[in-house]
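As structure tokens, the structure follows; a few thoughts come after it.
No value in this document is a laboratory result; all are computed from the given coordinates. Model, not experiment: these values are computed from the prediction. All Cβ positions, even for glycine, are placed from backbone atoms using ideal geometry, and neighbour counts span all protein chains on display.
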């Protein structure tokens, strides 16, 4: 978990990360440095008192539509 305002990274333990920050900041999920070969682009979320963030690694409908549009415009299948 990373506080995008301060840059501070908090590790997860048992599926939870306790972050000491304020509600004007934004957090994003981030991967541990040991997974440097994996790219994950988390969506920034404004801090609330008790929050749950989930990493959705499934392909979204919007992403599928974007790729189909690119295929169509480039003459692909």
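A straight chain from residue 55 to residue 32 at 0.36 nm per residue would run longer than the Cα-Cα distance by 6.9 nm. The alpha carbons of the chain give a radius of gyration and a Dmax of 16.5, 50 Å, in that order. Here the label points at residue 66 and residue 22, each 7 Å from Cα along the C-beta direction, are separated by 3.3 nm in the simple model.
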